[in-house]
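A quick write-up on the structure given underneath.
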Amino acid sequence: MTPRTITAIPRVRRGSTFVALSAAALLAASCGTGEDSPAAQGEVTPQSEQTTEQAESSEGEQFAVAELVDPEGQPRGTVEFAEVEGGTLVTARATSLPPGFHGLHIHTTGLCEPDSENPADPGERGAFLSAGGHLKGDDDEAVHPEHAGDLPPLYVSGDGTGEIVTLTDRLDRDQLLDADGSAVMIHENSDNLANIPERYAPDGPDEDTRSAGDGGSRIACGVVNEQS
């Protein structure tokens, strides 16, 4: 009798349903000890069709991607969006960024202009201000970190690379690909998620903290485009 171990690993494929199946038949023991036994001959019993179907049950579809660039137009990674059970799977991969934690958000407008005007404050100019503020979703009164576009901070290691995979039920295809689009933003500093203890601020977080988590300057931006 030969026990087997089956492992299913879901993976997103661009523009198509993803199912990645990693199946290994693990020979751990045998009922026989002679030369004719599977253990002696190094034989592996094939997995059944039923087991394969069970392992292939995880499905999803990538529907959008954002190509990140810095204010000088240099590539800084990609962010992919896939529809999965429970919401939207966001996979961000960054390169050539400063080490440490960085705020990661979805902004309201699909414009990543390096020197642009803030649509909420026409007198202010800066990198990627054209993307507007955080995508709020259905709640116009939402404050950080309750915006639909608020994602966990991205950690970048010492070699300048970072990766995060997160599932959110606040974002969907319609929000990301609406008439004016949306953009992925990486900020200079970590996102404190507006978590300021009362011993530091008895009156609670200030307006800047409640709007963006003190993420600071915008160092990378990517317009969210529909995946064909």
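Derivation of every value follows stated rules applied to the coordinates shown; laboratory data play no part. Please read these numbers as outputs of a predicted model, since none were measured by experiment. Virtual Cβ from ideal backbone geometry, glycine too; neighbours counted across all protein chains shown.
Points to keep in mind about this one:
- Intensity falloff of segment 61-226 expressed as log10 I(q)/I(0), Debye formula with alpha-carbon point scatterers, at q = 0.10 Å⁻¹: -0.34
- Length gained when the stretch Glu124-Asp172 is fully extended (0.36 nm per residue, less Cα-Cα span): 14.2 nm
- Phi angles of segment 160-169 translate, via the Karplus equation with coefficients 6.51, -1.76, 1.60 and θ = phi - 60°, into HN-Hα couplings of x, 9, x, 8, 9, 10, 9, 9, 10, 9 Hz per residue; Gly and Pro are given as x.
- Taking the convex hull of Cα positions in segment 161-213, its mean projected area over all directions (nm²): 5.9 nm²
- Ordering Ile219, Ile164 by the number of other Cβ atoms within 10 Å of each residue's own Cβ, fewest first, gives Ile164, Ile219.
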